[in-house]
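Here's the structure we're looking at; comments come further down.
The values are calculated or read from the model by the stated rules, or taken from the named source; none is laboratory data. Source: prediction; values computed, not measured. Using ideal geometry, Cβ is built from the backbone for each residue, glycine included, and neighbour counts are taken over all protein chains shown. Ligands, DNA and RNA are stripped out before the accessible areas are found, and what is left, the full protein with its side chains, is counted by its heavy atoms. Shrake-Rupley method; radii C 1.70, N 1.55, O 1.52, S 1.80 Å.
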Protein chains: 4
Amino acid sequence: MTVLSSIFAASDDVRDVDLSKVHNLSGPVAVEGAEPGDCLVVDILDVVPFEKMPWGYTGIFELENGGGLFAREFKSRACKAIWDIHGIYASSRHIPGVRFAGVSHPGLIGTAPSAELLATWNKREGALIEAHANAVPPVAFAPNPTGAHVGQDLPDDVREKIGKEGARTIPGREHGGNCDIKNLSRGSRCYFPVFVKGANLSVGDLHFSQGDGEAGIITFKTSIIKGGVEKFALKQPIFVPSPIDPLYSQKLVFEGISVDYHGDGKQYNMDATVAYKQAALNAIAYLMKASRLVVLAIVRKSIRFCLELTIKHMRLAREQAYLLLSAAPVESHVGAVVDSPNACVTLAIPTGIFDHDIMPKEEGLKKLDFGQCAIRSDGVL
Amino acid sequence: MTVLSSIFAASDDVRDVDLSKVHNLSGPVAVEGAEPGDCLVVDILDVVPFEKMPWGYTGIFELENGGGLFAREFKSRACKAIWDIHGIYASSRHIPGVRFAGVSHPGLIGTAPSAELLATWNKREGALIEAHANAVPPVAFAPNPTGAHVGQDLPDDVREKIGKEGARTIPGREHGGNCDIKNLSRGSRCYFPVFVKGANLSVGDLHFSQGDGEAGIITFKTSIIKGGVEKFALKQPIFVPSPIDPLYSQKLVFEGISVDYHGDGKQYNMDATVAYKQAALNAIAYLMKASRLVVLAIVRKSIRFCLELTIKHMRLAREQAYLLLSAAPVESHVGAVVDSPNACVTLAIPTGIFDHDIMPKEEGLKKLDFGQCAIRSDGVL
Amino acid sequence: MTVLSSIFAASDDVRDVDLSKVHNLSGPVAVEGAEPGDCLVVDILDVVPFEKMPWGYTGIFELENGGGLFAREFKSRACKAIWDIHGIYASSRHIPGVRFAGVSHPGLIGTAPSAELLATWNKREGALIEAHANAVPPVAFAPNPTGAHVGQDLPDDVREKIGKEGARTIPGREHGGNCDIKNLSRGSRCYFPVFVKGANLSVGDLHFSQGDGEAGIITFKTSIIKGGVEKFALKQPIFVPSPIDPLYSQKLVFEGISVDYHGDGKQYNMDATVAYKQAALNAIAYLMKASRLVVLAIVRKSIRFCLELTIKHMRLAREQAYLLLSAAPVESHVGAVVDSPNACVTLAIPTGIFDHDIMPKEEGLKKLDFGQCAIRSDGVL
Amino acid sequence: MTVLSSIFAASDDVRDVDLSKVHNLSGPVAVEGAEPGDCLVVDILDVVPFEKMPWGYTGIFELENGGGLFAREFKSRACKAIWDIHGIYASSRHIPGVRFAGVSHPGLIGTAPSAELLATWNKREGALIEAHANAVPPVAFAPNPTGAHVGQDLPDDVREKIGKEGARTIPGREHGGNCDIKNLSRGSRCYFPVFVKGANLSVGDLHFSQGDGEAGIITFKTSIIKGGVEKFALKQPIFVPSPIDPLYSQKLVFEGISVDYHGDGKQYNMDATVAYKQAALNAIAYLMKASRLVVLAIVRKSIRFCLELTIKHMRLAREQAYLLLSAAPVESHVGAVVDSPNACVTLAIPTGIFDHDIMPKEEGLKKLDFGQCAIRSDGVL
């Protein structure tokens, strides 16, 4: 899992990311013989980065430019870490002391919706948008021709219709879509419901780990189980994970409950999203205890400014921890959602991805040098 | 994980379960030398059922008597399955064809809150109760002397004060508590924040698996890390899972998003609890495809009634699947909570716990005989 | 695996261990309905130490009193380590810095041989003994009434016959027997060939880990597959390991080939036993690099003696490493036995059983204090 | 592990394989700064098949042309199976019903020996050859200019000297070499002793699984630990396996002891190689029970011939099982080598690599169609 992940182009200044380019898709691919009600079986045989582009990014968006689950907690000064891919491993110049095996997977894979299903999506999401009209960031995205990338050979009126009615591919839905499930990785077998003749499979948003290689090659093969939607009661895809997902048996687990104790302390009613956020913020706080702040080698004119610099850096280490959770093979479990009012969610960090021991010790945590991550350089930092 | 779990006494009629007896606790145990701000390290060395009571229960509560996450979906005609414990395994006469290794753990373990922390709890939960004054089931439980089991030797006024001010132990909170985390199992090492002198550790609600043995023996040892709350930024306990948690590598994974498509179809905004529910309901629907309905050997007077009987039985198989998810070592991951508006949550069922192959097949699913689970016998069913 | 394990009584002086008491058995238990040619299915449901005796031993025998695979390498001054059992874990006052989860299992479990099979055993082992008439330790053990523990109620002539003809239970054979397979652990399902009416299952030599708790309780249940010997081509038992065998994903692996480079340097022809020994001796040499020698707090009269003392202690640390390999969940794989003349065998040590980091580091290995293990105190050491 | 593997060119007739071409090596590569006594750290970052040659072979050699561990048991009519590689998986037209994730690794990787070490090798292996002068197949291979492939640019006298003195690369030795250890796979970190300036690392014999892709690309990086041979007591390389080795938790385990009960019944003295062979032959016998014989669609002239044909086919199914063990991620453990006279070795087959259930069942084993494997077609079969 990672809820934290987002990705943007490799520009030096991360303020101006064009969200419409966040993920590229290939498809749709029609599978001969697939009919509505069938089940499309997809074997994800491999996902590899482009040989000549062995790197990826993890990023934090500005609140006004996409945001993210922690947009408010991090007040989102946009920020990123670059990951270098070495064979099966990723490491980052921006988050030293960490190396992990990738769980390479398509962030987005899914069949095409029928006209009826598409109408359902637009209606229910439209109602949500209406109910939160001025939300920043927006709660959902209505069909919008701007930035809609569709087939180049289509007649203009068809392209226009798609832009006006087609669902944006940001969220996952009943057909699969942008679910960003890390365990839907190379080696997995997935079972998709078929809604239209030919199934029309699309795939993209390839991740090396949950952090994003964004560009790469996926190999899959397909087969069809006739009438599979009924046979398997498919409301949404199901899948069998890969036998080669990385195995790190030792984990350090953080808990969270549905009380926003990292924020205003409010009690929520069995809210697993709030509980997830606390678990992640607990993990980030822990990792900050295990990181040494780097003082920038910039001479400034006053003591006051140096203090401010230090404080800002503290924020940086926090952002590095956040970026790490976005990219590494951490796991978040829904522990309990029955004991009112507190849902309990856990987040497990594999200790084997660190060069050094990060386990709790009598003497406290060994400070790791997490270096300095790349941030916007608008004259202040 | 299981959000579905709940437990009650082994009476034949499950309508009258006394919720105040849902879990028994031992403690508090004072640990010499522990001071507020320290970290209490607890090694859970073993959790075993009572030798002479090798069984447990999983149940579904009535909506009006506790309910549960799926209280409305199941319209909660109370229902239970009895699990027989054979060494490391559990199996149930009520859910044939299934055997799994237990992940034995305390559902509840935690240190005592300070007076300040207790006041915070009561205040924030009180506000939630006020905001949902007439909810059925209630959204939270205020302090209440009725059914408060406290030390027998205390003076009356102290007992009275505890009943009036003590937090009920139903939800987990910052001290740990009733988090029902299955991986906090025998062999785990846990790190608790200490809020009062002596730490005052309590433990109980022992589960064999997430389904409940309720009664059994836990062995642990404790040590103290001075100043651990600051050293490890502890807002809530952290832990290291056991090396002997059952390993079933092959899993069948179900997805869910934050749309209530099993209910009224409403779109929620990044709500992981709703997404969890859809994943669980998808799994239950799948398991129902893999179960054969049992026709009761009861002669009734009319055709109409027989049809009704069949329909009711279909509900029974559904309840068996629900009970199974409550007890078996299934895992629910928070897949993604960043792609607005849909959180994506997965639920993974280990296929190795079934006697028969439950994987999706061209020919559909092999029907397992799930038998008949125990329900109330009030003259109708 | 452990080839190194052996066990003896808890006497202070380990020179006089009576080898005939090395393992105690329970049985034979007849299973109703089992006939020759059937397959007896045994579910090992649990193996637990006696509640009041939560400890075990690992030992090294004298060359003249049983010896062992490394009898010559260690010149076998008898030596032992005591393991204290804490729930699922074992640790030893004699090998500090180590704690591991047990893989509790019966060292010996098997059905009774038929008269013909017994005759085959006695004949083939007799031929081996004849061919190595004066070997020390002996290469095998012929039937011998001395120390043969059989049912108390048998007529004298039957007891005598058993003593004279019954195979000693030291080695494993086609019926199972003393195979000391650590993964035949609690939770395993085993399939035994049946040679006599009733199968006559015996079990004993219970180990907490491969090191020995020797005494404890095993729970199992049996069923029969008619004609299973033919159905499954059973020449020897087969089994399915337990889902709760300890999982330590990070391992440090040592290699060995069939050259006795720790001894006289001789080249053997594809000999996996020699290769195993080199891998184990490589692991022991590594662990010695990670251990600090303890200087005994004994005042002696001359410098010369002190030097000798140090050298002897070095030997002690080596014996501690040897004892550790005997008890911990290490794994030895047959890597290759095709590339003449060198078989290649590996031995993997789970790093997670150590308190400290034992991985290879630029700065060399951190020295662990392995303390002092218990040895005979005959005036010299 | 697999002891069974060997590989040859994709010719239709497998009788004439040139053993000197069994594995191709790249190297030696000098690493700047490496000195004798240092430790060379090699990260195996990835091993992938050639993009345009996604296939490999597993074969059985003729007794007179290389043989193998089972040369006599199989009377070695040379035989092969072709594996098609689909992303992370391999399957074979010759062994239907099986698909497994590869454990891609270099069969051969090692540093160069010093002149002294080379002399030791030649001396000790020469002694073995002398002691078994007329063995078929030979027990070892002395230096031999025929088929020695060395650098093209070397002066003739150097090339001649290498051919006359250089050790053949068939067996693994103290420097690593052709150890064929499947878990030395992509993602592993290995520590090699350095014997000469520059270390001179060679690598080759790339396997997709233990069966052989033979040709492919390996990516690694190196670093040096000064004085590592002494620091880590390196007699032979040590390594840390990859976190992405395939995980199949359910296994069916076969046992073997050091009695040749599949042959002449002789008792060996604690011989793990003999025990390994029995375990493998037990597994093969079991798999034959799970395979359906294919009757060739060839019309022959007499009944007698048809019977012979059937018998020969039975042999074929046995060879398919043998080839499968050579290629799939099976594991062989040294269970016990202390209980004289029987070493106990186990061989575990992951059940998840089969399309169908191969577990022991009351009703016997479901017959899988293992088809027909490719054999020589010299007029007889």
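Would a scan of the stretch D:164-172 turn up a residue that is under 24 Å from C:S258 (Cα atoms), of a type in the set (D, E) and crowded, with 22+ Cβ neighbours inside 10 Å?
Looking through the stretch D:164-172, none of the residues is under 24 Å from C:S258 (Cα atoms), of a type in the set (D, E) and crowded, with 22+ Cβ neighbours inside 10 Å.
Just one of (1) open to solvent by less than 30 Å² (accessible area, probe 1.4 Å); (2) in a strand (DSSP E or B) trips up D:D84, so point out which.
Here D:D84 clears every test but (1).
Starting from residues that are open to solvent by 10 Å² or more (accessible area, probe 1.4 Å) and assigned to a loop (DSSP other than H, G, I, E, B), keep the ones in the stretch B:199-217 and report whichever is nearest to the other protein chains (Cβ to nearest Cβ).
Among those that are open to solvent by 10 Å² or more (accessible area, probe 1.4 Å) and assigned to a loop (DSSP other than H, G, I, E, B), it is B:F208.
The rows are residues; the columns are (1) of a type outside the set (D, E, K, R); (2) in contact (Cβ under 8 Å) with a residue 12 or more places away in the chain; (3) under 26 Å from C:V259 (Cβ atoms).
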| site | (1), (2), (3) |
| --- | --- |
| D:I217 | yes, yes, no |
| D:S223 | yes, yes, no |
| D:G227 | yes, yes, yes |
| D:A233 | yes, no, yes |
| D:L247 | yes, no, no |
| D:L252 | yes, yes, no |
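Could you tell me whether any residue of the stretch A:159-166 is among the aliphatic types (A, V, I, L, M), without any contact (Cβ under 8 Å) to a residue 24 or more places away in the chain and more than 14 Å from chain B (Cβ to nearest Cβ)? Working first, answer last.
First, the residues of the stretch A:159-166 that are among the aliphatic types (A, V, I, L, M): A:162.
Restricting the remaining residues to those that are without any contact (Cβ under 8 Å) to a residue 24 or more places away in the chain gives A:162.
When the remaining residues are screened for being more than 14 Å from chain B (Cβ to nearest Cβ), the result is A:162.
So far as the stretch A:159-166 goes, yes, one or more of its residues are among the aliphatic types (A, V, I, L, M), without any contact (Cβ under 8 Å) to a residue 24 or more places away in the chain and more than 14 Å from chain B (Cβ to nearest Cβ).
Only one of A:E319, A:E308 is of a type in the set (D, E) and modelled with pLDDT of 75 or more. Can you tell me which?
A:E319
Kindly indicate which of C:I82, C:I88 is away from chain B (no Cβ under 14 Å), farther than 21 Å from D:A336 by Cβ and modelled with pLDDT of 80 or more.
The unique qualifying residue is C:I82.
Looking at D:V194 and the list (1) more than 9 Å from chain C (Cβ to nearest Cβ); (2) out of contact with any helix residue (DSSP H, G or I) (no Cβ under 9 Å at 6 or more places or on another chain); (3) surrounded by 24 or more Cβ atoms within 10 Å (Cβ to Cβ), which single condition is not satisfied?
Going through the list (1) more than 9 Å from chain C (Cβ to nearest Cβ); (2) out of contact with any helix residue (DSSP H, G or I) (no Cβ under 9 Å at 6 or more places or on another chain); (3) surrounded by 24 or more Cβ atoms within 10 Å (Cβ to Cβ), D:V194 breaks only (2).
Take the residues in the stretch C:263-277 that are within 7 Å of another protein chain (Cβ to nearest Cβ) and more than 22 Å from C:T351 (Cα to Cα), then tell me which one is surrounded by the fewest Cβ atoms within 10 Å (Cβ to Cβ).
Looking at residues that are within 7 Å of another protein chain (Cβ to nearest Cβ) and more than 22 Å from C:T351 (Cα to Cα), I get C:G265.
One line per residue, one yes/no per condition, for (1) of a type in the set (A, V, I, L, M); (2) modelled with pLDDT of 90 or more; (3) not assigned by TED's automatic domain parsing to the domain that holds D:Y89:
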{"position": "D:D156", "(1), (2), (3)": "no, no, no"}
{"position": "D:A167", "(1), (2), (3)": "yes, yes, no"}
{"position": "D:I181", "(1), (2), (3)": "yes, no, no"}
{"position": "D:R189", "(1), (2), (3)": "no, yes, no"}
{"position": "D:G198", "(1), (2), (3)": "no, yes, no"}
{"position": "D:F208", "(1), (2), (3)": "no, no, no"}
{"position": "D:D212", "(1), (2), (3)": "no, no, no"}
{"position": "D:I218", "(1), (2), (3)": "yes, no, no"}
{"position": "D:Q236", "(1), (2), (3)": "no, yes, no"}
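Residue by residue through the stretch C:175-191, note down the ones that are among the charged types (D, E, K, R) and surrounded by fewer than 24 Cβ atoms within 10 Å (Cβ to Cβ).
Result: C:R189, single match.
Name the residue that is surrounded by the fewest Cβ atoms within 10 Å (Cβ to Cβ), counting only residues in the stretch A:237-261 that are more than 7 Å from every other protein chain (Cβ to nearest Cβ) and over 20 Å from the mean Cα position of the chain (by Cα).
A:D260
For C:P106, work out the one condition from (1) part of a strand (DSSP E or B); (2) more than 24 Å from C:I238 (Cα to Cα); (3) of a type outside the set (F, W, Y) it doesn't fulfil.
(2)
Could you list, in sequence order, the residues of the stretch C:123-144 that are in contact (Cβ under 8 Å) with a residue 12 or more places away in the chain and open to solvent by less than 50 Å² (accessible area, probe 1.4 Å)?
C:E125, C:G126, C:L128, C:I129, C:P137, C:A140, C:P143
Is it the case that the stretch B:92-115 has a residue that's free of Cβ contacts under 8 Å to residues at least 24 places away in the same chain, open to solvent by less than 10 Å² (accessible area, probe 1.4 Å) and either outside the structural domain of B:K235 (by TED's automatic domain parsing) or over 25 Å from B:N183 (Cα atoms) (or both)?
no
Are any of the residues in the stretch C:25-46 under 18 Å from the mean Cα position of the chain (by Cα) and modelled with pLDDT under 90?
Checked against the condition, which is being under 18 Å from the mean Cα position of the chain (by Cα) and modelled with pLDDT under 90, the stretch C:25-46 yields at least one hit.
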